[in-house]
Amino acid sequence: MHVLVTGGAGYIGSHACKALAASGITPVTYDSLAQGHEWAVKWGPLERGDLHDRPRLNEVFKKYRPAAVLHFASLIVVSESVRNPGSYYRNNVAGTLSLLEAVRDHGVKHFIFSSSAAVYGMPESTPITEDHPHRPVNPYGVSKAVAENMLRDFDTAHGLKSVSLRYFNAAGADPEGNTGEAHSPETHLIPLLLEVAAGEKESARIFGDDYPTRDGTCIRDYIHVCDLADAHVAALRYLQDGGKTAAFNLGNGRGYSVKEVLDAVRRVTGRPVPAEVRARRPGDPSHLVASSEKARAALSWTPKFASLDTIVQHAWQWRSQDSRPTDAG
């Protein structure tokens with residue numbers, strides 16, 4: 001069975017491709033390589049192309065006749081979405097629409113969408129459940145919410161069954177070292193701290209230490225990227241077994257503060273990681289923690305790598321290996 005994986009050359013997409021292959025499914029990566037990496041495509045064929053290129057999409061759908069689509073291709077930097085919203089609506093909304101129309105035209109009935117906790121905006125309470133109001137506070141979050149709405153409409157109109165997986169903070173790397181995080185520029189906390197541990201930067205930055213949390217720094221829910229990948233395979237099985245269109249949070253259900261993550265990096269690497277406190281960033285909530293009980297029940301999914309130290313250890317192993325690819329185009 002072939003499954004089309006848009007953005008399969010990226011961080012989460014490449015891990016999902018490995019998980020699909022381990023389940024006996026051939027992932028077909030469709031990626032422009034504008035953000036992804038050719039070296040990350042190891043478990044199935046690579047087809048280069050853009051979401052807006054309908055003739056190219058049609059060609060790939062006809063060639064492989066995929067049983068389902070996993071859609072990861074997306075711009076993801078929140079601050080960039082504020083500075084340049086047009087690019088986010090063009091890629092994340094219009095690009096998704098182009099893909100959905102191709103899915104419709106080629107009769108594919110199952111679709112897994114890489115969504116985000118950003119659809120919720122500022123949380124009214126934590127842990128956040130799936131019925132929390134959608135009030136995104138930046139164009140990135142809006143783009144994900146609009147895509148989820150499109151999926152519900154395509155179900156009503158065309159019978160396309162979908163699962164939207166709302167990630168919290170993806171982190172870690174493949175423990176076997178086959179793929180890992182390689183963004184440019186890097187914006188995620190753990191790899192930024194590891195850059196300091198590796199001596200590539202002088203110090204880390206902590207944005208605000210006066211939040212109403214146990215140590216004054218923001219609390220986030222970190223979920224191992226391999227656990228995210230496994231959830232995509234579970235979501236595909238759910239749809240194949242007749243599951244209805246749904247959305248699920250993916251998180252560990254436990255939050256760690258920025259200072260606790262910093263301590264974990266120091267502990268795992270055994271290196272000093274200097275950090276300086278800066279002013280708060282506008283729009284950063286003090287707590288973002290998921291309730292993933294719905295996913296655990298409906299998908300029979302449980303995170304395997306829930307320990308923060310394990311998440312950091314796998315990310316550090318990926319960064320430290322001699323053979324790690326270094327292109328970050």
## Note on the structure
Projected onto the charge dipole of region 225-316 (unit charges on the beta-carbon of Lys, Arg, Asp and Glu, signs +1, +1, -1, -1), the Cα from Gly242, Val268, Pro285 with the largest positive-side position is that of Pro285
### Query
In square angstrom, rounded to the nearest 10, how much accessible surface does Asp53 have for a 1.4 Å probe?
60 Å²
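Across every pair of different alpha-carbon atoms, what Kirkwood hydrodynamic radius in Å does the chain reach?
Details: mean 1/r = 0.0500 Å⁻¹.
About 20.0 Å for the chain.
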### Query
Out of residues 5 or more away from Phe207 or on other chains, whose amide H comes under 5 Å of its own, with H placed 1.01 Å from N in the peptide plane?
Arg278
### Message
What is the distance in Å between the Cα centroid of region 115-136 and that of region 260-274?
### Response
30 Å
### Task
Using the 2.2 N^0.38 Å rule of thumb for compact globular proteins, work out how region 1-140 stacks up: its C-alpha Rg over that value, please.
1.09
### Query
Put +1 on the Cβ of every Lys and Arg and -1 on every Asp and Glu Cβ in the chain; which of Thr213, Gly86, Val258 then has its Cα farthest towards the positive end of the dipole?
Gly86
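Roughly speaking, to the nearest percent, how much of region 114-186's 1.4 Å accessible area is carbon and sulfur?
Numbers: 1340 of 2750 Å².
Carbon and sulfur together cover 49 percent of it.
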### Task
Report, in deg cm²/dmol and to the nearest 500, the calculated mean residue ellipticity at 222 nm for the chain, where each DSSP H run with n ≥ 4 adds -39500 (n - 2.57) and the sum is divided by the residue count.
-11000 deg cm²/dmol
### Query
With charges set only on the Cβ (+1 for Lys and Arg, -1 for Asp and Glu), what does the dipole of region 195-329 come to about its Cα centre, in debye to the nearest 20?
220 debye
### Task
Please state the charge dipole magnitude for region 1-151, taken about the Cα centre, from unit charges on C-beta atoms (+1 on K and R, -1 on D and E), reported in debye and rounded to the nearest 20.
340 debye
### Message
Can you tell me the orientation of helix 11-22 relative to the chain, as the angle in degrees between its alpha-carbon axis and the longest Cα principal axis, to the nearest 10?
### Response
60 degrees
### Query
Based only on Cα atoms, what Rg/Rh ratio does region 170-265 have, Rh being taken as Kirkwood's radius?
1.06
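With all protein chains present and a 1.4 Å probe, how do Met150, Met1 order by accessible area, largest first?
Descending accessible area places them as Met1, Met150.
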### Query
Lys42 versus Lys62, label points 7 Å from Cα toward the beta carbon: distance in nm?
3.4 nm
### Message
From the phi angles alone, apply the Karplus equation (6.51, -1.76, 1.60; θ = phi - 60°) to region 163-173 and give each ³J(HN,Hα) in whole Hz, x where the residue is Gly or Pro.
### Response
10, 9, 9, 8, 6, 9, 9, 5, 7, x, 7
### Summary
Checked against the positive end of the charge dipole of the chain (+1 on Cβ of Lys and Arg, -1 on Cβ of Asp and Glu, about the Cα centre), the farthest of His232, Val108, Gly141 is Val108
## Note on the structure
With +1 at each Lys and Arg Cβ and -1 at each Asp and Glu Cβ, the charge dipole magnitude of the chain around its Cα centre, to the nearest 20 debye, comes out at 460 debye
### Reachable lysines from Lys144, criterion Cα separation under 21 angstrom, eight or more residues apart if same chain
Lys109, Lys161, Lys244, Lys294
### Query
How do 166-176, 186-196 rank on mean C-beta neighbours within 10 Å, highest first?
166-176, 186-196
### Message
List the residues, sorted by chain then number, that are 5 or more residues from Cys218 or on another chain and whose placed amide H is less than 5 Å from its amide H.
### Response
Val258
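The values are calculated or read from the model by the stated rules, or taken from the named source; none is laboratory data. Please read these numbers as outputs of a predicted model, since none were measured by experiment. Every residue, glycine among them, receives a Cβ derived from its backbone with ideal geometry; neighbour counts consider all protein chains shown. For the accessible areas, the whole protein counts, side chains as well, though only heavy atoms, and no ligand, DNA or RNA atoms are used. Shrake-Rupley method; radii C 1.70, N 1.55, O 1.52, S 1.80 Å.
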